[in-house]
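Where a number appears in this text, it was derived from the coordinates with a stated rule and is not lab data. None of the values given here were measured: they were computed from a predicted structure. Cβ: placed from backbone, ideal geometry, glycine included. Neighbour counts: every protein chain shown.
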Amino acid sequence: MINQKRAQQAKGQSHLLILRFALINIVALALLAAAAVQGLVERVFVSDQTYLTVAIAGVFIVGLVICTARVWETSRNLDQANDFDPLQSSRAAEYLSVLRGRSGDSRSILASTLRLSLSQRISIVRQTANSLVLLGLIGTVIGFIIALSGVDPDQASDVKAITPMVSTLIQGMSTALYTTLVGAVLNVWLMVNYHLLAGGTVKLISALVELGEDHARA
């Protein structure tokens, strides 16, 4: 009865994982759409002549797609662990087959290996999110280089030379600021999804370990 109640609660949490993931990204997309209506998104991409913001956005999309796949897989594995069917091929069945006939110490080692394996499986999302900040910082450096490359102190007194220098300075500063902004915002977006995925992974690990111990005691 206790195991059945725990399974029902965990199954509800698996559905809650998908709902939370959907809610987070719907809200984020709504905010992005509002910014696009105000012309802010277009301004960011037009002002960056290096196309680094496009590259950052592309990396973010790849990371979000991977995160979506991991969330779906984690939820499905959690459902299969909570409503375990020995005749169905699942991660829970694979884990139990490895545990069969093992001693308590050996099961502890396998549980630790399981934690490392599942944690490593989602680490790519965190690494992708961190790369967004690094790309933003690279864009900042490149922007400052562009801004300073157009400044010539020897021609500062020449009125005709000031206009192109100011234009280059503005272009470089736009690149520096917008790439930093895009990298930081998209990093926050992806990290929120990552922490949600990490929480679901912890629940999956707990469900698999508890299932293994229950079958070992049976």
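If I model a spin label at Gln49 and Ala33 as a point 7 Å from the Cα along the Cα→Cβ vector, what separation in nanometres do I get?
If labels sit at Gln49 and Ala33, their model points lie 3.5 nm apart.
How big is the charge dipole of the stretch 2-217 about its Cα centre, in debye rounded to the nearest 20, if each Lys and Arg gets +1 on its Cβ and each Asp and Glu gets -1 on its Cβ?
900 debye
Can you give the extra length, in nm with one decimal, that the chain gains between Asp83 and Ser123 once fully stretched, where that is 0.36 nm per residue apart less the Cα-Cα distance?
11.7 nm
Considering Cα pairs under 8 angstrom that are at least six residues apart, work out the relative contact order of the stretch 2-217 and quote it in whole percent.
Rounded, it is 33 percent for the stretch 2-217.
Kindly put Leu211, Leu32, Leu19, Leu186 in sequence by how many other C-beta atoms sit within 10 Å of each C-beta, fewest to most.
So the ranking, lowest neighbour count to highest, is Leu19, Leu32, Leu211, Leu186.
Over every pair of different alpha-carbon atoms in the stretch 1-140, take the mean of 1/r and invert it; report that Kirkwood radius in Å. All intermediate terms of the calculation are to be shown ahead of the outcome.
Working: mean 1/r = 0.0541 Å⁻¹.
Computed over Cα pairs of the stretch 1-140, the Kirkwood hydrodynamic radius comes out at 18.5 Å.
How large is the convex hull of the C-alpha atoms of the stretch 167-218 per residue, in Å³? Numbers along the way, then the final one.
Numbers: hull volume 2.1 nm³, N = 52.
Cα-based convex hull of the stretch 167-218, divided per residue, equals 40 Å³.
Determine the gain in length on full extension of the stretch Ser206-Val188; use 0.36 nm per residue of separation and subtract their C-alpha separation, reporting nm with one decimal.
Fully extending the segment from Ser206 to Val188 adds 3.8 nm.
For Asp214, Asp48, what ranking results if the residue with the fewest other Cβ atoms within 10 Å of its Cβ goes first?
Taking fewest neighbouring Cβ atoms as first place, the list is Asp214, Asp48.
Pairs of alpha-carbon atoms within less than 8 angstrom and 6+ residues apart define the contacts here; what relative contact order does the stretch 39-149 have, in percent?
In percent, rounded to a whole number, it is 36.
Rank these for me by crowding, Trp72, Trp189, going from fewest to most other beta carbons within 10 Å. Could the numbers behind the result be given before it?
On the way: Trp72 13, Trp189 21.
Ranking Trp72, Trp189 by Cβ neighbours within 10 Å, fewest first, gives Trp72, Trp189.
So how far, in whole Å, is the C-alpha centre of the stretch 134-150 from the one of the stretch 74-97?
About 50 Å separates the Cα centre of the stretch 134-150 from the one of the stretch 74-97.
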